[in-house]
Structures are given as structure tokens and as C-alpha cells.
1. In whole Hz, with x marking every Gly and Pro, tabulate ³J(HN,Hα) for the stretch 32-48 from phi via Karplus 6.51 cos²θ - 1.76 cosθ + 1.60, θ = phi - 60°.
2. Taking the simple approach of a point 7 Å from Cα along Cα-to-Cβ for both residue 238 and residue 175, what is their distance in nm?
3. Rounded to the nearest angstrom and ordered from largest down, what semi-axes does the equivalent ellipsoid of the stretch 1-55 get from its C-alpha gyration tensor (root of 5λ)?
4. Taking θ as phi - 60°, what are the ³J(HN,Hα) couplings along the stretch 169-180 by the Karplus curve (6.51, -1.76, 1.60), each to the nearest whole Hz, with x for Gly and Pro?
5. Across 5 Å bins from 0, what is the distribution of all Cα-Cα pair distances for the stretch 183-244, in whole percents?
6. Under 5 Å between amide hydrogens, which residues at least 5 positions from residue 104 or on another chain qualify, with H placed 1.01 Å from N in the peptide plane?
7. Count neighbours as other Cβ atoms within 10 Å of each site's Cβ, and list the GluC sites (Glu not before Pro) in the stretch 105-201 that are DSSP loop with at most 11 such neighbours.
8. Near the amide H of residue 110, under 5 Å away, which other amide H atoms are found, from residues 5 or more places off or on another chain, if H is placed in the peptide plane?
Amino acid sequence: MSRANTLKYFLLSQYLEPKTLDEPKKTNSKFKKSMDLEIANFDEKFMQILRAFDRSLLKNGVEISIYGGIFETDLLALAISKLAKVKFEKEQILDELRSEQTSFEKAFCYKLKLSGDLVFCKNEQSFALKDANLDDELSPFFTPNSSNELFIPTAPWAMVRLNRLKEISQNDFNKECEHIKDKISIHKEKMRLSYYVKAVHEELKSSLKTPFCKDMIRLEVRIADPNFKDTDALLNSFFIDDINLLIKFYESGRTHELTDQFLDEGSENKFERLDVRDELNQRAVRGFFKAERYPRSAFASDFALNFSQQMALNNIIEKFKEGNGGIYSVN
């Protein structure tokens, strides 16, 4: 049972893994611009972003994404320490850093990618983006459709349930996400874009019940391109399902030698590092790259691995072929 409990700790840590954001200045480009803002200033800042684009590009249309409820990740550590009624050393360090107004990494409570009809209104006239004179005083209006994409990270949701751990389950999380999607889908009428964003934001704040979901959001506008392949797909930890399966495996009384070695604190198993740059290890390194393994190498894939990662992956695949499946890590 102690191994199952260890896995439950690993599982909880995965639920509490926040989804972080790079600073806008690191990601802004000719085709994508973003900024952090208060929802009350949404329309003004949205028009400001549009005016920053080359006007000829805007004729292609835009894609709008909202990262809502932005918070600093260190608030997560502080909340956990207060819940545990333990004064972590890190908490004292964080308090000192905050007094110096040091910035921390940012995360978000949800991402909403808008889908619908966007127009710009002036004196009861409506203009599509490609026809609008952005130098005029315009008000953006939006008619949503059912194709909005909503992503909710597990961390803010799980944080609210830390004192009720039995309520933290993948099944309950999935049900809550679907319930929230149903709630925001009732908004179908044409309205000011800022009103729609605020209505969805308030619904998510009410549903998630997390103190992290404040009114600071990130607005991201990207030039629409049918040939663009979005590689920024957001996923919650793919370890959650695997760890859940392992927990059931151990709770049923079964064991697995290799996984036991990983979980047992007193295990005599030695996890060795291999320096791929050392000439003495060249023979071992070459052994991981046999000719028959090259077709499955990731170097030519959309998600290229570096040399040492590919070598480790090949070794893991070989172990599974030998029937030595278990927990492996590539770092």
C-alpha cells in the first residue's frame, strides 16, 4: 500500500502542475501580438493590438485567444504551505522577494480561443475587419458560435480541493470541464466583444472557485493562416492516466520488479548516468543506435529530440520489447 500512496503523491503533484506563460515580448512577432490587461480595458487594448499589425496582413483575418485568470506561480506554493500550516523556508524567501517587487513566472486558469463573427461598429454601421478603418473610433462586436475552444489546466481546480483529496479525480475534472463548456455555450447573441469576454470570465471564476482567477488576462491576436500548423497545443499532464493505472495495479496487490525499484526508498538499484561525450562510452552509445532502429528516430519528426534523448528513448523501447515495461524518465 505504501507504493500506491507514493504514486498518489506523484499524481497530486501532476494535478498541481501550473500552465505557465512566456512574457509577451518573447513571443510577439510580425504575425502574433499579445499583452496582459484588465478586462475593464479590453476593447481599448484589443484595438491597440490590431493597430500594431501591418494593415495588409489583417485582410487575412485574425485568431483571438484569451488566457484568463493570470497569477504568479509562487502563489501556488504559498497557498499549499498555508493549507498545510507549515512555514516553509521558501515562503520566507518569497515574502522577502515580493517586498522588493521581484517578478515571478506567470500561469493561467483557462484559455479560450474565440470562434464566431467579428465586426466593427460605428454610427450603427458594421464593418468586417478587412473593410474597417482602424483609425476611426470603432467598437468591436462578436457573435460566438459553438466552435470556441476552451482549455482548463488542472492546477487551479485541484488547489481548491486540496483539503478534500478524494474529490480530486480525472473523471470529476473532465465532468466539470464539460459542465463549464455547456454553461458558456448559452451565449449566442451578438454583443460587444468585451461583454462576451467578461461574461465567459465571470462564469469560469464562479465555476472554478479558485482565488487565483482574478481579472487580469492575456489577450493574444494572431494573423489567420490556413497553412499554419499550431504546435502550441495545450495538454494537462499525460502522466495522470498512467499513474492512475499504476495505483490501481498496486492496490490490487500486484507488483512489478522494475517499478518497485523506482518506488522503494531503500532500493539497492543504481540509476546510472552515461556521458555520451566520453570516448570510453562510445561503444555503448553506438549500441543504442543500431541500423534497424533508425526508421523510428525522432530527428525527422515534428517533435525532434536531441541526441541523448533519442538514445534514451531507443533504450526504453528496447526494454519494453524485452518485457521490462515500467516507469522511465528522459531528462
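1. Values per residue, Gly and Pro as x: 9, 9, 8, 7, 8, 7, 7, 4, 4, 9, 4, 4, 4, 6, 4, 5, 4 Hz.
2. The modelled label-to-label distance comes out at 2.8 nm.
3. 42, 14, 7
4. With coefficients 6.51, -1.76 and 1.60, one gets 9, 4, 5, 5, 4, 4, 5, 5, 4, 5, 5, 5 Hz.
5. In whole percents, the pair-distance histogram is 3, 11, 15, 14, 20, 20, 11, 4, 1.
6. Amide H to amide H, under 5 Å and 5 or more residues apart or across chains, residue 104 pairs with nothing.
7. Answer by residue number: 124, 137, 189.
8. Sorted by chain and number, the residues that satisfy this are 68.
FYI, it's all coordinate maths here, none of it is from the lab. What you see is a predicted model; the values in this text were computed from it and never measured. Every residue, glycine as well, gets a Cβ built from its backbone with ideal geometry; the counts of neighbours run over all protein chains shown.
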